[in-house]
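Have a look at the structure below before the remarks.
The values are calculated or read from the model by the stated rules, or taken from the named source; none is laboratory data. Owing to the predicted nature of the structure, the values given are computational and were not obtained by experimental measurement. Using ideal geometry, Cβ is built from the backbone for each residue, glycine included, and neighbour counts are taken over all protein chains shown. Protein only, heavy atoms only, side chains kept; ligands, DNA and RNA dropped before computing areas. Shrake-Rupley method; radii C 1.70, N 1.55, O 1.52, S 1.80 Å.
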Amino acid sequence: MAISLLFPNPPLTNPHSRHKPTLPAYSSTCGAKKKAACIVCAKSQDDYHATLKALNSKGRFPRKSLGQHYMLNSEINEQLVGAANIKEGDLVLEIGPGTGSLTNVLLNAGATVLAIEKDPHMVGLVTERFASTERFKVLQEDFVKCHIHSHMLSLFENRNSSNAKSAYAKVVANIPFNISTDVVKQLLPMGDIFSEVFLLLQEETAMRLVKPSLRTSEYRPINIFVNFYSEPEYKFKVPRTSFFPQPNVDAAVVTFKLKQAIDYPSVTSTKSFFSMVVSIFYGFRLCFSSLYLLSLNMIMSFGTPRVHFINNIVNSAFNGKRKMLRKSLQHICTSLVIEEALGDVGLPATSRPEELTLDDFVRLHNLIVEV
């Protein structure tokens, strides 16, 4: 879906320059044909001009190291919030609020917003911008390192129950492209906290997460992970011209409907499962008891065991993506045992990782563990 910006992106200025970015002048050709566009611009609170003004007020320039690309098109934010069906009283987690353009739309929809922002300057900016509302809180943390589960539980406990419309929160965010996989891995196993996750991602990443094909190079372990914990859906495309600075790729909005633990694929004994996964992924040759104790220590260090272990068992097979499973898994049991397990699952003995669905992986794991 092509969406035109009211103003084109200007040439990027040097982030080390002492001069602030120069705002483009209004076109003198803004006549009858462009009258409607000009009126919309005058009403917009988060167009290109407002974004640059907000950044300049803090002496900031988008930082490449943080993957910062600011949304210039308020219509995209409206569509994102509309797709998330945000209602009054909803609790929303936003990752990387930046100048607060998406935050503003979420608050106007009636949501209570918890934002996680790594850049202290942006934390100050949104704190000032939304100081008048009690429905906004921002924490200065690196999302991939923060204890979001604890933050959300605390927010639920302190929340006025009369305003609660749902027992679950939602995630709505325009996240830095360079941490998208980390964010997905951290959020999807949290079906006990979040009902749905709506993310604006790099389009290529969005397509790879949602629409992979078996027997192709795009089918990867992350696809097994995503489908284990959620039901993903591609929503709509967002042109690269919607951002400042303009990235080299288009973006897209993807939604993940999170599953409850009871709906996860059933794996057999967690004790043997965790032990097998650690042995596969790290190649340890320890006795069963020592291996299990080691796996428990690693689980505790990660905090959310299911995130890592179902992902790691699939990774072990994909480490040799073009290898047959009877070869890539033979350090778990003999090739003959693996071939028999594949036959019981209904797969040929020559099967490779890229040919197996999520259900195939789960059934194969359970058969190997039983052996």
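Values computed for the structure shown
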item	result
Options Ser180, Ser154, Ser132, Ser195: the member that is modelled with pLDDT of 95 or more, outside any loop (DSSP other than H, G, I, E, B) and among the polar types (S, T, N, Q)	Ser195
Residues within region 86-129 that are in a helix (DSSP H, G or I) and hydroxyl-bearing (Ser, Thr, Tyr), tallied	3
Exclusive hit being more than 22 Å from Glu78 (Cβ to Cβ) and among the aliphatic types (A, V, I, L, M), set Val197, Val172, Val210	Val210
Subset of region 178-198 that is open to solvent by 40 Å² or more (accessible area, probe 1.4 Å) and more than 9 Å from the chain's Cα centre (by Cα) - its residue that is farthest from Asp250 (Cα to Cα)	Asp192
Sole residue being farther than 27 Å from Asn248 by Cα, crowded, with 20+ Cβ neighbours inside 10 Å and touching a Leu at 6+ places or on another chain (Cβ under 6 Å), chosen from Val113, Val138, Val171	Val113
Qualifying positions in region 325-347 - out of contact with any helix residue (DSSP H, G or I) (no Cβ under 7 Å at 6 or more places or on another chain) and under 20 Å from Ile224 (Cα atoms)	Gly346
Leu201 being surrounded by 19 or more Cβ atoms within 10 Å (Cβ to Cβ) and either at pLDDT below 90 or under 25 Å from Leu52 (Cβ atoms) (or both)	yes
Output for region 99-109, where each listed residue is out of contact with any strand residue (DSSP E or B) (no Cβ under 7 Å at 6 or more places or on another chain) and open to solvent by less than 10 Å² (accessible area, probe 1.4 Å)	Gly100
Those residues of region 250-276 which are farther than 27 Å from Arg208 by Cα and either at pLDDT 85 or above or among the aromatic types (Phe, Trp, Tyr) (or both), in sequence order	Phe273, Phe274
Enumeration of residues in region 116-135 that are among the β-branched types (Val, Ile, Thr) and open to solvent by 30 Å² or more (accessible area, probe 1.4 Å)	Thr127, Thr133
Qualifying residue in region 166-173 (condition: touching a residue at least 60 places away in the same chain (Cβ under 8 Å), within 23 Å of Asp90 (Cα to Cα) and over 21 Å from the mean Cα position of the chain (by Cα))	yes
Some residue of region 232-250 being in contact with a Leu (Cβ under 7 Å, 6 or more places away or on another chain), assigned to a strand (DSSP E or B), small (Gly, Ala, Ser) and closer than 28 Å to Ala109 by Cα	no
Residue within region 128-140 that is within 18 Å of the chain's Cα centre (by Cα) and among the acidic types (Asp, Glu) present	no
